[in-house]
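The values are calculated or read from the model by the stated rules, or taken from the named source; none is laboratory data. The model shown is predicted, which means the values in this text are computed figures rather than measured ones. Methodologically, a virtual Cβ is constructed for each residue, glycine included, from the backbone with ideal geometry; neighbour enumeration extends over all protein chains shown.
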Amino acid sequence: MSFITSVTRGGEEYTPAFVMEIDQGNCIGCGRCFKVCPREVFDLVEREDVPGLEADEYDDYDDYDDDDDGFSDDTAMVMSLKNAMDCIGCGSCARICPKKCFSHEPQSAAA
């Protein structure tokens, strides 16, 4: 099977891994992935709007809310995929996530 590949500025070939899922049960809604994503792949939504998640299960946010990020601290939030098809496979979201909520996979090249 052949995967989508790209080339760095220096001419090195690499295989990007695209975001597939976010573990919303583990997400603390810090917004870091939202900020670093160059393609607006994510959206911050209220935890109570995500089926299967309860707002009261969310107790780790205070450990990570150490900056004025422009997001309300009054409502439990969680990240969701807004447009996964815009992902370029850079992996910035996974590298910045303090809770390791992302899963990525390379994609098959079109025949």
| request: Sort out which residues of segment 7-16 are over 20 Å from SER103 (Cα atoms) and among the polar types (S, T, N, Q), and write them in order of number. | output: THR8
| task | Would you point out the residue of segment 13-25, among those that are outside any loop (DSSP other than H, G, I, E, B) and out of contact with any helix residue (DSSP H, G or I) (no Cβ under 7 Å at 6 or more places or on another chain), that is surrounded by the fewest Cβ atoms within 10 Å (Cβ to Cβ)? | result | GLU13
| task | Output the residue which, of all residues in segment 40-59 that are in a loop (DSSP other than H, G, I, E, B) and loosely packed, with under 14 Cβ neighbours inside 10 Å, is modelled with the lowest pLDDT. | result | ASP59
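Every residue, every condition in (1) among the aliphatic types (A, V, I, L, M); (2) assigned to a helix (DSSP H, G or I); (3) at pLDDT 95 or above, yes or no:
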residue: GLY11; (1), (2), (3): no, no, yes
residue: CYS27; (1), (2), (3): no, no, yes
residue: CYS33; (1), (2), (3): no, yes, yes
residue: ASP68; (1), (2), (3): no, no, no
residue: SER72; (1), (2), (3): no, no, no
residue: THR75; (1), (2), (3): no, no, no
residue: GLY89; (1), (2), (3): no, no, yes
residue: CYS93; (1), (2), (3): no, yes, yes
residue: HIS104; (1), (2), (3): no, no, yes
